[in-house]
Structures are given as C-alpha cells and as structure tokens.
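What follows is a single structure, and I will ask about it in a moment.
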Amino acid sequence: MTTIGVAGAGSIGASLIRLLHTSPAARSLRLKTVLVRDAARPRPELPAGTPLTACPAELTDDPQIDVVVELLGGVEEPFRIVSRALSQGKAVVTANKNLLAERGPELFALAAERRLPLGYEASVCAGIPIIRTLEEALRAERITALEGILNGTSNYLLTRMSEERAAYAQCLADAQRLGLAEPDPTYDVSGQDAACKAGILATLAFGAYVDCRRLPVTGIDGLGLEDVRQAEVMGYRIKLVAAVRRAAGDRVDAEVAAVLLPLQHPLASIRMECNAVRIESEGLGETLLAGKGAGPAPTGVSLLADLLDIAAGRGRIPTDGHPFLAGAAELADRQASAARYYLRLAVADRPGTLAQVAGCFASQGISLASVLQPEVPELAGGSLVPLILTTHSTDRRRLDLVLAALSAAGCGRSVVLRIGEH
Ligand SMILES: NC(=O)c1ccc[n+]([C@@H]2O[C@H](COP(=O)([O-])OP(=O)(O)OC[C@H]3O[C@@H](n4cnc5c(N)ncnc54)[C@H](OP(=O)(O)O)[C@@H]3O)[C@@H](O)[C@H]2O)c1
C-alpha cells in the first residue's frame, strides 16, 4: 500500500480525492492527509471523513506518507512544500506548470540527488499524455519542431468568434459563466499560460532548460472579429499557437502568438477548449496528440496514472541527463527568423495614404502579397479606416522598422500576426 498526502482540495484536488475513493485502479493507494488553507470549512464536494489539515508539515514531515501530490497553484508555497517533501525522502506528483516552468531545475536537481520520482504529466495539457510521449516514446527520436494549442480558454474564444461570428467580449462572458475562463482572464488570453507550458515542452523536446519568462509572448486580447473574418476569407484560421523549433547551432526558436494557420493545418481544426500538440521529428515525421487539455476529470486521470507508476516502482526518477538539469537552452534571435505576416492598420482616409504605406514597406525591402481596404460608411474628416495587408516572407526586425515608421506617419494601433505554414 502506498500512502499519499494531497496538498490542495480545489477543483483539481477534489477531483483526485474522489478518484482515489472510487476508482478500482486506486486500490493500492491510501489517502492519509489533505492540506488546505481553511481546514474548518465544510467541503461537501469531498468524500465524508476526508482528513484535512492546514499545517504543511503534516504532509511533508509525516514518515508514513510516501508521496505528496501538490495541487495548490502559485509558485512560492508549492516550491516550499515540494522541496521539503523531497528532502524528507518523499516522491512528488504535481499538476503545477508554473512551479516547474520557473523552479523546475532546482526541483529536478533535488529529486535526482535524492533518487526520488517526480511525476508531472498533468502539468501540461492535463489528460493528453504529452510528457510521457516526449520523455519515453520519443526519447530516441530527434525532434525538430513542436507546435501546440495549449490554452483551452483562448481556443474556446477563437472558435466561438470563428464559427458564430460572436464578439470577443460576448464569448469571454460566456466562457466565464461556463467556468472555462477565470474572472480575471488575463493569464490565459495574454498567452502567459501557454508560454509556461511551452517552456516545459521545449525543455523536454530539445534537451535543455527553456525558461518561459524568456519567450516572446503575445495573446489574443488585441484581436477583433474583423481579423477572424478576414483571415477566413483568405483561407486561414486564427489560433493561439506555442511554436518551438530547433534552429541553427541547436538554438531553440520559440514564441507564443496568435497565428494565421492554413485551414488544412492539423491545428486549425482543433475546436473549443480542446488542446493539441503537433510534433515534427526526423524518424516519425508528423505526430499529433489532441484531446482534453484542462478540467478536473482529465487532470485527475493523469495524476492517478503518475501515482500508480510510483506505487508500482515505475515512477520516473530524474537522472543527470534530464533536460531540466542540462543547463539553459540558447534561444535563437526571433527578430531574424523569416515569416509572412498579416497586418491590420488604421490609416487616414485621404488620397495618397496607400502610396505612403506602400513606400514604408518598400523602404525596408518588404514585398506586399495583398492589400485590402474594406469599404466603411462615409466617415467624418480625419477618421482612421482599416487597411489589411499581407506580406511576402520577411524578418521581424525589418517589419518592426516599418511599423515604427507607420506609427510616426500617424497610423493607428495595428494588429500584426504571423502567417503559419504547413
Ligand atoms: N484547472 C485545471 O483545469 C488544471 C489543469 C491542469 C493543472 N492545473 C493545476 O492544478 C493546480 C490546482 O488548480 P485548482 O484549479 O484546483 O486550484 P484551486 O481551485 O484554486 O485550489 C487550490 C487549493 O489549494 C489550497 N491552497 C492554496 N494555497 C494554499 C496554502 N498556502 N496552504 C494550504 N492550502 C492552500 C486551497 O485551499 P482552500 O480550499 O482552503 O482555499 C485549495 O484547496 C494548479 O497548479 C493548476 O495550474 C489545473
């Protein structure tokens, strides 16, 4: 029998605790203690008699507990609890992407030193077995690129905008009502959540630590319905994509951004709150994993699988060569990487504007692939009107010089999206 302490009984903790109570697969596991902030609050969502404490040491320092499952959220307190549990000789399972993305090297070093398993399948894409796939199934494979839809909230919003032509604010309000978005959605829609997961996946795919705080990140919060509509007219769908690629000199080229994907791209058809990861590798070519990337039930399934592995003596103990222990990855200069771009500018509605805009692009040697000025009703003098452009391949540094020149020439706030390839 393996004895477990669970830190956190929120939506994920409660789901795991119920599973430990009801799943026939969990027969070899015994739940001893559950850490919460407020142990006196009634918790009808938990099985009657669940033993609660508000004292972390009752998990981390209890000699009877073999495994601590960390499901608190945040970084500092989870780091204290996980590092204390490891130093007390306990295996750890966590669903906490922020903890691993920011403090992973220290925790994996401690687990390696103490020869203890550290399970973290649930930390990225919940129920989709992406960590196992990268760490085990593809361990002999050279991965060249990986791209993913890693944030269910953003994908839900973009799907509703695309399929129903519903406005961003309306979709967001619905997502909050359905529990798919937090009351403050910033972390999800700004791309930060996806960046955290991208850091972990890039670390595993390329064998050196990619700190998510170094990645360039933009979200979907600046997009309008007109961008979604226009992208589709041109044969694309807008998705928030975490893209990492092996660049020259084994540098890692990585970004999280809203991207125009061709409609036939495998990630373009991932709908609503689903997640997906597409891996490109030398031997296998293309591999796609898709499914439920969030939510209490899928996350509980992953956590239980990690626990069963540990109980059966198959828990993954990090060794010296573990990617989180292999030093920091060198990042490629994204400003230098070539791509095509979609731009929506706001320009003055007066003769000569188009020539002025075209001149700014020409001065940097950027060739335009298409130009569209959608008709708008007659506006008062001095108004700005939308101008939609796509470019041929260019590097981002030159594009940024054009954007600066356009801004100096009085163009309003612009949307700039990379056009993905497939
Ligand atoms: N939601 C998802 O779909 C999903 C998917 C994969 C991974 N995750 C990860 O799973 C983790 C848990 O998420 P969640 O949605 O379950 O969080 P949550 O609902 O906010 O629950 C957090 C739990 O931790 C307890 N807690 C927080 N800080 C504490 C402290 N300092 N001391 C003692 N107890 C503390 C809380 O106690 P009280 O109940 O007393 O407040 C609560 O029970 C996060 O790392 C999250 O990123 C979530």
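The values are calculated or read from the model by the stated rules, or taken from the named source; none is laboratory data. Values in this document were obtained by computation on a predicted structure and should not be read as measured data. Here the Cβ positions follow ideal geometry from the backbone for every residue, glycine too, while neighbour counts run over all protein chains shown. Surface areas here come from the heavy atoms of the whole protein model, side chains and all, with no ligands, DNA or RNA. Shrake-Rupley method; radii C 1.70, N 1.55, O 1.52, S 1.80 Å.
Taking a 1.4 Å probe, which of Arg18, Arg27 shows the most accessible area, and what order do the others take after it?
From most accessible down to least: Arg27, Arg18.
Here is a further query. Full extension from Asp184 to Asp400: what is 0.36 nm times the residue separation minus their Cα-Cα distance, to one decimal in nm?
Values: separation 216, 0.36 × 216 = 77.76 nm, distance 3.05 nm.
Gain in length upon complete extension: 74.7 nm.
May I ask you to compute the full-extension gain from Ala369 to Arg271, defined as 0.36 nm times their residue separation minus their alpha-carbon distance, rounded to one decimal in nm? Let's see the in-between values first.
Working: separation 98, 0.36 × 98 = 35.28 nm, distance 2.90 nm.
Taking 0.36 nm per residue and subtracting the Cα distance, the gain is 32.4 nm.
Short version: ³J(HN,Hα) in whole Hz for each residue of the range 399-413, in order, from phi by Karplus 6.51 cos²θ - 1.76 cosθ + 1.60 (θ = phi - 60°), x for Gly and Pro, what are they?
3J(HN,Hα) across the range 399-413, in whole Hz: 4, 5, 5, 5, 4, 5, 5, 5, 5, 5, 7, x, 6, x, 3.
Considering only protein heavy atoms and a 1.4 Å probe, what is the carbon-and-sulfur percentage of the accessible area of the chain?
Details: 9270 of 17930 Å².
The computed percentage sits at 52.
Give me the base-10 log of I(q)/I(0) for the range 147-224 at each q in 0.19, 0.23 Å⁻¹, Debye formula, one uniform scatterer per Cα, rounded to two decimals.
Taking Cα atoms of the range 147-224 as identical point scatterers yields -0.78, -1.01.
Dipole magnitude of the range 171-328 about its Cα centre, charges +1 at Lys/Arg Cβ and -1 at Asp/Glu Cβ only, in debye to the nearest 20? Could the numbers behind the result be given before it?
Numbers: 15 positive and 20 negative charges, 50 e Å.
Roughly 240 debye, rounded to the nearest 20.
Given the range 39-147 reduced to its alpha-carbon atoms as identical point scatterers, what log10 I(q)/I(0) does the Debye formula return at q = 0.11, 0.12, 0.13, 0.21 Å⁻¹?
Each listed q corresponds, in turn, to -0.42, -0.50, -0.57, -1.21.
If you wrap the chain's Cα atoms in a convex hull and average its projection over all directions, what's the area in nm²?
So the Cα hull casts an average projection of 22.3 nm².
Please state, as a whole number in µm²/s, the translational diffusion coefficient that the Stokes-Einstein equation yields for the range 312-357 at 25 °C and 0.890 mPa s, with Rh defined as the Kirkwood radius across alpha carbon pairs. Present the calculation step by step, with values, prior to reporting the outcome.
On the way: Rh = 16.9 Å.
Rounded, D is 145 µm²/s.
Can you compute the radius of gyration and Dmax for the range 130-293, using only the Cα atoms, both in Å?
15.7, 47
Please calculate how many Å² of accessible area the range 334-419 carries per residue, with a 1.4 Å probe and no DNA, RNA or ligand atoms counted. Don't skip to the end; give the middle numbers.
Values: 4380 Å² over 86 residues.
Heavy-atom accessible area per residue stands at 51 Å².
Under a crude label model (7 Å from the Cα following the beta-carbon direction), how far is Arg177 from Glu421 in nanometres?
4.3 nm
So what's the Cα pair-distance distribution over the range 334-419, bin width 5 Å, in %?
Per 5 Å bin, starting at zero, the Cα-Cα P(r) for the range 334-419 comes out as 3, 15, 28, 27, 15, 8, 4, 1, 0 percent.
Something else about it: Compute, for the chain, the length of the dipole vector about the Cα centre, with Cβ point charges of +1 (Lys, Arg) and -1 (Asp, Glu) only. Units Debye, rounded to 20. Show your work: numbers first, answer last.
Details: 43 positive and 47 negative charges, 67 e Å.
I would put it at about 320 debye.
Still on this structure, I have one more. What fraction of the DSSP beta bridges in the chain is antiparallel, stated in percent and rounded to the nearest 5?
Numbers: 48 of 71 bridges.
Percent antiparallel among DSSP bridges in the chain is about 70.
Also: I'd like the FRET efficiency for Asp333 and Arg41, computed as 1/(1 + (r/R0)^6) with the beta carbon distance as r and R0 of 56 Å, rounded to 0.05. Provide the component values of the computation, followed by the final result.
On the way: r = 51 Å, r/R0 = 0.91.
Approximately 0.65, to the nearest 0.05.
Now for a separate question. Give me the extension gain from Arg27 to Arg229: residue separation times 0.36 nm, minus the current Cα-Cα distance, reported in nm with one decimal.
That pair, Arg27 and Arg229, stretches by 67.5 nm at full extension.
Per residue, what accessible area does the range 130-293 have, given a 1.4 Å probe and all protein chains present, in Å²?
38 Å²
Can you work out the base-10 log of I(q)/I(0) for the range 185-225 at q = 0.22 1/Å, using the Debye formula on its C-alpha atoms alone?
Ignoring solvent entirely, the Cα scatterers give -0.67.
So what is the 222 nm mean residue ellipticity for the chain from helices alone, if each DSSP H run of at least 4 adds -39500 (n - 2.57) and you divide by all residues, rounding to the nearest 500 deg cm²/dmol?
-10000 deg cm²/dmol
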